[in-house]
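Heads up: the structure comes next, in structure tokens.
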């Protein structure tokens, strides 16, 4: 397997923890989680969220992961504080769901569930666990041909990065100014109205 890239570095963490978080981010990157435009701290938290749900405290733990380990957002914070030299307040549990787990859940790598079928998304009893479809692949991380295994696994799947790229390409509303300059608006009736106003009336009354 090729050397793990340095997604995060020079943090106030022990070298072994930084390496572990980089391993987590490398796995997520290879599985199609878009990480390019994410801040350094957010990458770190996403990596730690993945590690917590996977119950990975050291590199050798990748071989031991299972789908039976599930954590609530407050449990994830405690996991961070206990194992990753963090001091995150228990009251910030909703940030875990909205910011740190969001992409991994959208990608289907982590599943969320609740005993209450009518539970709200921010229900504190909702738990998060690895999708069993990904477990065997993640357990092989570190093997010589792991990257090829990932390519084979994703050959008939659309990654989140691909989905978001297609959405950006399809949903952009181009708006042409009288000068010829083109702006790009996000989709929606409000922006469609703005497009009509700009293109039809600005040249007449500008």
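The values are calculated or read from the model by the stated rules, or taken from the named source; none is laboratory data. This is a predicted model, so every value here is computed, not measured. Please note: Cβ atoms are built from the backbone with ideal geometry, for glycine as well, and neighbour counts cover all protein chains shown.
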### Message
Taking the condition of being more than 13 Å from residue 97 (Cα to Cα) and under 17 Å from the mean Cα position of the chain (by Cα), how many residues in the range 53-72 meet it?
### Response
1
### Query
Restricting attention to the range 82-93, does a residue exist that is over 22 Å from residue 22 (Cβ atoms), at pLDDT 95 or above and surrounded by 15 or more Cβ atoms within 10 Å (Cβ to Cβ)?
no
### Task
Would you confirm whether any residue within the range 34-42 is outside any loop (DSSP other than H, G, I, E, B), under 14 Å from residue 24 (Cβ atoms) and touching a helix residue (DSSP H, G or I) at 6+ places or on another chain (Cβ under 6 Å)?
no
### Summary
Going through the range 59-76 in order, the residues found to be surrounded by fewer than 23 Cβ atoms within 10 Å (Cβ to Cβ) and assigned to a helix (DSSP H, G or I) are 59, 60, 61, 62, 63, 64, 74, 75
### Summary
Taking the range 42-54 and keeping only residues that are within 15 Å of residue 77 (Cβ to Cβ) and free of Cβ contacts under 8 Å to residues at least 40 places away in the same chain, one is left with 44, 51, 52
### Message
Of everything in the range 27-47, what is crowded, with 22+ Cβ neighbours inside 10 Å and over 18 Å from residue 106 (Cβ atoms)? Give them in sequence order.
### Response
44
### Task
Have a look at 56, 4 and point out the one that is surrounded by 20 or more Cβ atoms within 10 Å (Cβ to Cβ) and not in a helix (DSSP H, G or I).
56
#### Entry: Count of residues meeting criterion [in contact with a helix residue (DSSP H, G or I) (Cβ under 9 Å, 6 or more places away or on another chain) and surrounded by fewer than 20 Cβ atoms within 10 Å (Cβ to Cβ)] in the range 103-114
5
### Query
When you look at residue 82, is it over 19 Å from the mean Cα position of the chain (by Cα), in the same structural domain as residue 27 (by TED's automatic domain parsing), in a loop (DSSP other than H, G, I, E, B) and farther than 19 Å from residue 138 by Cβ, yes or no?
no
### Task
Collect the residues in the range 107-148 that are over 20 Å from the mean Cα position of the chain (by Cα), over 19 Å from residue 59 (Cα atoms) and modelled with pLDDT of 95 or more, keeping them in residue-number order.
148
